[in-house]
Amino acid sequence: MNDSCKDILNFVKENDVKFIRLAFCDHVGRQKNISLQPGELERAFQSGIPFNAWELPGFHLSAGTKLLLRPDARTLSVLPWRPSSGRVIRMFCDLMNADGTPYGGDTRAVLQRTVLDAAQLGYSIRIGSSCEFYLFNTDENGCPMHVPQDRGTLFDLAPADRGENVRRDICLALSEMGIIPESSHHAVGPGQNEVVFHSSDALSAADNFMTFKSVVKQAASVSGLYASFMPKPLETEKSSALGLMFEVYKDGKNLFEEKMLEPEACSFVAGILGCLPELTVFLRPTTNSYSADSRRELGWSNLSGRFSVCIPVVAGIKGRMELTAADPAIHPHLAYALLIRAGLEGIRKELAMPRMETASGKLPATLRQAVTAANRGKLCKAFIPQDVLGSYLSNKQDAVNDYTKAKKKMEFDRETYFEIL
C-alpha cells in the first residue's frame, strides 16, 4: 500500500469519516457507487471490494461473476452536503477482475491508457468545459414535473433568474471538493443554467464532470427542485449544450497559443474533424440529442456558431480548440478518450486542416445515423474494448428501435431520459 493510501486512512481516522463511497461508471456513463464502513477501506486499497457486476446492464458477464472495486487515492473528495460530524468521502475506482488483474471493460481505464499513450508521444492534453442543464419544479411528493423553475433568459438577474441560489450552492460545493468553476449564469431557456470550468488534465476533467452532475442533482434536490441534463427536455425551448475546450501541450508549450497555429495543432483539429461522424454517437448519445437547434456543420471557424469546432482568436479565450458538437448526456471517459485518440491520429498522419468555414462533410442527423457511422468507423474499434463498444452500440440501437416504434416521440424521450440524465 503506497503513501497516498496511508494518508487517506489517517485522514479517515482524524476527520470522523463514517462512510466511503466507491464510485465507478457503467458502459453508458451512469455513475454507480457502493458505500463502505471505514474499517473496510484498507482492504479496498489492498485487494479491492467485490460486487455482483453480472447484474449490471451492459457488462454482459456470466451469472455470478464478481468484479473488484479498487479506489484511486488521487480522487478523494469530502461530500460537503453531508454532516461534518460523521463525514462521507468519495473516490473513483478502478475495476479489477476477481484475480486482481485489470478488467478490460473498465471505461475509466480506456481514458487512462489514452492519457498514458499521449504522454509517451510527448503530448499532454487539458480539457475544460461549459455545461448547461435545466432546473424544474417538483410536486408535493418531490417528483419532478416538466415545469421549469423560472422564465428567465440569458444572463438574467433575480428575480427573473430564480436559479441564482442553486448555482451558488453548486459552485460552493464544487469548490469545497477542489473543483473550482470559472463562472456560472442563467442560460437562454427558462430554468436553464450554465456552469463553466477551467481546464484540467483529461482524467481529472472526466472525473470532475461526473462529480459536477451529481453535485447539481444534490443541490437542486435540497432546494426542492429537479435538475435534468436531458439534451432537450422542453420541446419548444433551447437544447442544453456541452462545450469542450482542448489545450494540447508539447514540451510545456500550448500548441494552440500562437496566432499562427503550430502544424501539430492543425493536424490535431483535422484528426478530430475527420473522425467526428463516427464519434457522434459518443458525443450526442440519445435520441433526444438531435434537435434542429443543436445541429452543427462538420468544419471549423474562429467563432462559435454553426460549425462543430471553434478556434477562438479573442484575447482571454484563445489558446484552445472548442468542440461544440456534444451534449451533457455523454460518457466523459469514453468521449474524451476518443477525441484525444482522433487528434493524435491526425498528428501521426500529419493531416491538413480543411479551410475555415467550409463544410468538410456531414455529421449524423439522428442517433440511427450515428450508430451506423460508428459501426463503419475504424477509430472506435481500434481503441475501445470490443465488449464495451458492443455493449454501448447495442444500447443505442435498442434506443433507436424503441424510438422508431413510439408514436409520440417527445413523450418517449421524456420517459426514457428525463429522470436518468
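General observations
- Each label point was placed 7 Å from the Cα along the Cα-to-Cβ direction; for Asn137 and Lys6 their separation is 5.8 nm.
- Three-way shape label, region 141-211, alpha-carbon gyration tensor, a/c 1.5: prolate
- Among Arg368, Arg284, Arg108, the largest mean-square fluctuation in a Gaussian network model of the chain, built with springs joining Cα atoms closer than 10 Å, belongs to Arg368.
- In the elastic network of the chain, a GNM with C-alpha springs shorter than 10 Å, the most mobile of Ala202, Ala342, Ala160 is Ala160.
- Computed label-point distance, nm, for sites Lys405 and Leu154 using a 7 Å Cα→Cβ extension: 4.1
- Sites Arg295 and Lys66 - FRET efficiency at Förster radius 56 Å, r taken between beta-carbons, to 0.05: 0.80
- Structure-derived percent of Cα pairs over 30 Å apart: which label, when the choices are (1) 43; (2) 73; (3) 52: (1)
- Label-reachable residues, region 265-291, where backbone N falls under 16 Å from a point 7 Å from Lys253's Cα toward its Cβ: 265-268
- Footprinting exposure proxy ranking of Glu419, Glu132, fewest other C-beta atoms within 10 angstrom first, gives Glu419, Glu132.
- Contact order relative to length of the chain, as percent, for alpha carbon pairs under 8 angstrom and 6 or more apart: 15
- Inter-label distance, His198 to Gln31: 2.1 nm, where each label sits 7 Å from its Cα along the C-beta direction.
- Computed extension gain for Asn52 through Ser304, at 0.36 nm per residue and net of the alpha carbon distance, reaches 86.2 nm.
- When the square roots of the Cα gyration tensor eigenvalues are ordered a ≥ b ≥ c, the ratio a/c for region 13-142 is under 1.5, which makes its shape rounded.
- For region 301-384, GluC sites (Glu not before Pro) are listed when DSSP marks them as loop and at most 13 other Cβ atoms sit within 10 Å of their Cβ; the list is Glu350.
- Neighbour counting of Cβ atoms within 10 Å sorts the residues Tyr290, Tyr336, fewest neighbours leading, into Tyr290, Tyr336.
- Cβ crowding within 10 Å, taken as a proxy for footprinting-reagent exposure, orders Ser129, Ser223 from fewest neighbours to most as Ser223, Ser129.
- Near the amide H of Gly58, within less than 5 Å, lie no amide hydrogens of residues on another chain or at least 5 residues away, with H placed in the peptide plane.
- When the C-alpha to C-alpha distance is required to be over 19 Å, the pairs from Lys32/Lys217; Lys318/Lys362; Lys213/Lys396; Lys213/Lys409; Lys259/Lys318; Lys232/Lys408 that qualify are Lys318/Lys362; Lys213/Lys396; Lys213/Lys409.
- GNM result for the chain, Cα springs below 10 Å: residue of Gly305, Gly29, Gly189 fluctuating most strongly: Gly305
Every number in this text was worked out from the coordinates using simple rules, so none of it is lab data. Since we're looking at a predicted model, the values are computed, not measured. FYI the Cβ positions are ideal-geometry reconstructions off the backbone, even for glycines, and counts take in every protein chain you see.
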